[in-house]
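Trainee: Quick one: structure below, then a few questions.
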Amino acid sequence: MRRSILAGGLVATVAALSGCSSDADSTTTQNAAKASSPSPTAHGGSSDDRPDAPWAAFARLMEGNKRWVDGKPTHPDRDPSRRQFVAEEQDPYGVILSCIDSRVPPELLFDTGLGDLFVMRTGGQVVGPVVTGSVEYGPMTSGTPLIVVLGHQRCGAVKAAYKALKDNKPLPGNLQAIAEALRPAYEETAKAKHADPVDAMIRIHTKQTSAALRSNADLAPLVKKGDLAVVSAYYSLDTGRVEVLTGAPSA
């Protein structure tokens, strides 16, 4: 059911950051079983099919990713009846903040349908006020229960930023703004030796971004109540698999 935006505005409190990742696969398997009905091909006829709990939304996304990895996508809710069903209003169950990379289309790698996701894509999934506001829109206006910050393997934006910051040679034009947004992740990466520092920076930046959203003054109250989960994840270009880094919700 659609939730109304909290009357009088959200209280600006900060939720404690939660990081649960190492056992994410087993948690996902348990939650996916609980969210297995209705089948992903039967969503289009009723808004009741929308998962309202963070764990259920997360499980549905991960079920879709498994189909993608296995080469068995069902392409749910992409027909004219679904288009007609969502034409008057939308009620997505997930928000995805991902990179602009052409190889990382969230609707495909999570095997979702029309009206299922709010999607924001920026170079290196960096954020600013407009992007943050866009991420906030679903949870704050219609109770969207899940945000996923999705980094990915071999991110060109992060690679360019890493080299520019390491060599102290600014990138051309507004590309330098992306590098500056990635500076906190670069500085954290530089504190230790990594076999693949760019990949380490991708993961660190993704976790930093999700942590910042989780403690955001407007989103933190929803997280604290259990109405919203903010997950950081990493997409493998080689396998198609989404690996959870932090924040996987449980039932």
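Trainee: Let's test the formula: R0 of 25 Å, r as the Cβ-Cβ distance of ASN174 and LEU237. What FRET efficiency results, to the nearest 0.05?
Mentor: Details: r = 26 Å, r/R0 = 1.02.
Working from the Cβ atoms, E equals 0.45.
Trainee: While we're on this one: Using only C-alpha positions, report the orientation-averaged shadow area of the convex hull of the range 182-248, nm², one decimal. Please list the in-between numbers first.
Mentor: Numbers: hull surface 21.8 nm².
Result: 5.5 nm².
Trainee: What is the distance in Å between the Cα centroid of the range 197-230 and that of the range 147-189?
Mentor: Centre-to-centre (Cα) distance: 18 Å.
Trainee: Across every pair of different alpha-carbon atoms, what Kirkwood hydrodynamic radius in Å does the range 87-130 reach? List each step's numbers first, then the result.
Mentor: Working: mean 1/r = 0.0879 Å⁻¹.
One decimal place: 11.4 Å for the Kirkwood radius.
Trainee: Would any residue of the range 101-138 have its amide N under 19 Å from a label point 7 Å out along Cα→Cβ of ARG83? List them or say none.
Mentor: 107-108, 112-117
Trainee: In square angstrom, what is the accessible area per residue of the range 138-218 with a 1.4 angstrom probe? Before the final figure, lay out each step's value.
Mentor: Values: 3770 Å² over 81 residues.
Spelled out: the 1.4 Å probe surface of the range 138-218, per residue, equals 46 Å².
Trainee: Loop-only check: which GluC sites (Glu not before Pro) in the range 174-251 are DSSP coil with at most 12 other Cβ within 10 angstrom? List each step's numbers first, then the result.
Mentor: Values: sites: GLU180, GLU187, GLU188, GLU243; in loops: none.
Of the GluC sites (Glu not before Pro), not one in the loops of the range 174-251 has a Cβ with at most 12 other Cβ atoms within 10 Å.
Trainee: Applying a 10 Å radius around every beta-carbon, put 229-241, 52-64, 73-85, 101-113 in order of their mean neighbour count, most first.
Mentor: Numbers: 229-241: 20.5, 52-64: 24.5, 73-85: 14.7, 101-113: 18.9.
Highest mean packing first, the order is 52-64, 229-241, 101-113, 73-85.
Trainee: Among DSSP beta bridges whose residues both lie in the range 64-203, state the antiparallel percentage, nearest 5. Provide the component values of the computation, followed by the final result.
Mentor: Numbers: 0 of 10 bridges.
Here the antiparallel bridges make up roughly 0 percent for the range 64-203.
Trainee: Got a number for carbon plus sulfur as a percent of the range 78-160's accessible area, 1.4 Å probe? Don't skip to the end; give the middle numbers.
Mentor: Numbers: 1900 of 3360 Å².
For the range 78-160, the apolar C and S fraction of the accessible surface comes to 56 percent.
Trainee: How compact is the range 45-165 by the rule of thumb for globular proteins, expressed as Cα Rg over 2.2 N^0.38 Å?
Mentor: Details: Rg = 15.2 Å, N = 121, 2.2 N^0.38 = 13.6 Å.
That works out to 1.12 for the range 45-165.
Trainee: Say the dipole of the range 81-152 comes from +1 at the beta carbon of Lys and Arg and -1 at that of Asp and Glu; which of VAL95, SER142, HIS152 then lies farthest toward its positive end?
Mentor: HIS152
Trainee: Can you order the peptides 127-138, 156-167 by their average number of other Cβ atoms within 10 Å per residue, highest first?
Mentor: On the way: 127-138: 15.8, 156-167: 19.2.
Put in order of decreasing packing, that is 156-167, 127-138.
Trainee: Roughly how large, in nm² to one decimal, is the mean projection of the convex hull of the alpha-carbon atoms in the range 104-229?
Mentor: Numbers: hull surface 35.1 nm².
That works out to 8.8 nm², a quarter of the Cα hull's surface.
Trainee: For every other residue with a beta carbon closer than 11 angstrom to the beta carbon of THR189, add +1 if it is Lys or Arg and -1 if Asp or Glu, then tell me the sum.
Mentor: On the way: positive: LYS166, ARG183, LYS191, LYS193, ARG203; negative: GLU187, GLU188, ASP196, ASP199.
Net local charge, THR189 excluded: +1.
Trainee: Bin by bin, in steps of 5 Å, what percent of the Cα pairs in the range 48-96 do you find, going until the bin that has the longest distance?
Mentor: Result, from short to long distances: 5, 18, 21, 26, 22, 8, 1 percent.
Trainee: Please find the FRET efficiency linking LYS225 to LYS163, where r is the Cβ-Cβ separation and R0 is fixed at 45 Å, and quote it to the nearest 0.05.
Mentor: Numbers: r = 42 Å, r/R0 = 0.94.
FRET efficiency, LYS225 to LYS163: 0.60.
Trainee: May I ask you to give the percent of accessible area on the range 161-251 that is carbon plus sulfur, with a probe radius of 1.4 Å? Spell out each step's value before the answer.
Mentor: Working: 2240 of 4350 Å².
On the range 161-251, the fraction of accessible area on carbon and sulfur atoms equals 51 percent.
The values are calculated or read from the model by the stated rules, or taken from the named source; none is laboratory data. Remember, it's a predicted structure, so these values are computed and weren't measured experimentally. When we count neighbours, we look across all protein chains shown, and the Cβ atoms used for this are built from the backbone with ideal geometry, even at glycine. Heads up: the accessible areas ignore ligands, DNA and RNA and are worked out on the full protein's heavy atoms, side chains in. Shrake-Rupley method; radii C 1.70, N 1.55, O 1.52, S 1.80 Å.
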